[in-house]
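Remarks on the structure that follows.
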Amino acid sequence: LARGNRATDLAGRHVVISAGGTREPLDPVRFLGNRSSGRQGYALATTAAARGARVTLVAANSALADPEGVTVVRAGTALELREAVLMAAADADAVVMAAAVADFRPAVYAEGKIKKREGSGPAPIELVRNPDILAELSAERGREGQVVVGFAAETDQVLANGRAKLARKGCDLLVVNEVGAEKTFGSTDNEAIVLAADGTEVPVPHGPKEALADTVWDLVVDRLTGGTP
Ligand code: CTP
Ligand code: CA
C-alpha cells in the first residue's frame, strides 16, 4: 500500500493516547500498581504530533517528561483514567489505549493508614473489578468513524489469544506484544503483531518504540482515509 506523507498525514486530526500504569490506592500511603513506564504511549504521542495531529496524552503515573506540543492530562487511578479518556475521546479521530489499566481496585479505601494488628495475621485485601475502558470506547465511539486501538501482552498462543481479545473488546486494531519464552510463530524476530478487525495482521520487527508507533499510525491513517492514503 502506498503511504502518504508521514510529516502531514495526521494534520487536522485529534488523537487521544493513554499511557503509563494506573495506581489503585489502599490507604493514603499505599497502592496496587504495575511497572508500566509509559514509554510506548509517549512514543505514540510524539510520533502523532510529528505527523501533524493535535494530541491529548492521558498519562498515568509516568515519570517521563511531557512531550512538546502535546496536551497532557494526568490520571492516577483506572476510574480517573476512564473519565479523562472518555472526555477527550468525544471529538477524537482515534483513541489508543496504551496504558496498563488495573483490572481490579481495592473494594475499600482506608482513610487512615492501615496498621498491622498484633496477634493476628494480615487482613485480606478485597478487590472489585474496574470498568473496561477499551471495550466501552469501542462500543460507544465518540464520533463517526473513530478508530479505536488497544494493546495486549500475551505469553502463549499469541495469535489466538490476541484474536479473541480483539473480538471481545470490539476495537479496530490490537497491538499484541509477544512476551516470555514461548514464541509460537518464532521464525522471525518480530516483537509485535498488529491484529485488525478486518482479519489482517501486520508483524512489526523488533525495534524502537517510535517505529511501532509509526506503524500503528500508518494503520490508523489507512482506516481514517478508507484505505486510500
Ligand atoms: N484495558 C482497559 N480497561 C481495563 C483493562 C484493560 O481499557 N480495565 C485496555 C488496555 O489499556 C489495553 C487492552 O485493554 O489496551 C488490553 O488489556 P489487557 O490487560 O491485555 O486486557 P484484559 O481484558 O484485561 O485481559 P487480561 O485478563 O488478559 O488482563
Ligand atoms: Ca488486564
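No value in this document is a laboratory result; all are computed from the given coordinates. Predicted, not measured: the structure shown is a model, and the values here were computed from it. As a convention, Cβ positions derive from the backbone with ideal geometry for all residues, glycine included, and neighbour counts pool all protein chains shown.
Observations, loosely collected:
- Unit charges on C-beta of K, R, D, E only; dipole of the range 1-67, Debye: 260
- Of all beta bridges that DSSP places with both ends in the range 103-217, some 70 percent have antiparallel geometry.
- Contour excess over end-to-end distance, with Cα ends at Arg143 and Ala107 and 0.36 nm allotted per residue: 9.6 nm
- The chain, relative contact order [Cα under 8 Å, separation at least 6], %: 19
- The charge dipole of the range 34-154, taken about the Cα centre with unit charges on the Cβ atoms of Lys, Arg (+1) and Asp, Glu (-1), comes to about 440 debye, rounded to the nearest 20.
- Farthest toward positive dipole pole in the chain [+1 Lys/Arg, -1 Asp/Glu at C-beta], among Leu174, Val58, Leu127: Leu127
- Taking the Cα centre of the chain as reference, the dipole from Cβ charges on Lys and Arg (+1) and Asp and Glu (-1) amounts to some 520 debye.
- Computed over the range 65-131, the convex hull of the alpha-carbon atoms projects to a mean area of 7.1 nm².
- A dipole drawn for the range 56-115 from +1 and -1 charges on Cβ atoms has a positive end, and of Ala78, Ala89, Ala110 the residue lying farthest that way is Ala110.
- Hull volume in cubic angstrom per residue (convex hull over the Cα atoms of the range 1-110): 106
- Take each peptide in 22-32, 214-224, 90-100, 121-131, count the other Cβ atoms within 10 Å of every residue, and average; sorted highest first, the result is 90-100, 214-224, 22-32, 121-131.
- When shorter helices are ignored and each DSSP H run of at least 4 residues is given -39500 (n - 2.57), the per-residue value for the chain at 222 nm works out to -8000 deg cm²/dmol.
- Hydrodynamic radius (Kirkwood) for the chain, which is based on Cα pairs only, to one decimal in Å: 18.5
- Angle between the chain longest axis and helix 78-89 axis [Cα atoms, degrees, rounded to 10]: 30
- Each Cα pair of the range 92-211 feeds into the Kirkwood radius, which the Stokes-Einstein equation turns, at 37 °C and 0.692 mPa s, into a diffusion coefficient of 194 µm²/s.
- Per-peptide average of other Cβ atoms within 10 Å, ordering 62-68, 159-165, 79-85 highest first: 79-85, 159-165, 62-68
- At an R0 of 25 angstrom, the distance between the Cβ atoms of Ile125 and Glu83 translates into a FRET efficiency of 0.55.
- Label point of Ile114 set 7 angstrom out along Cα-Cβ; within the range 24-40, amide nitrogens under 18 Å from it belong to 24-34.
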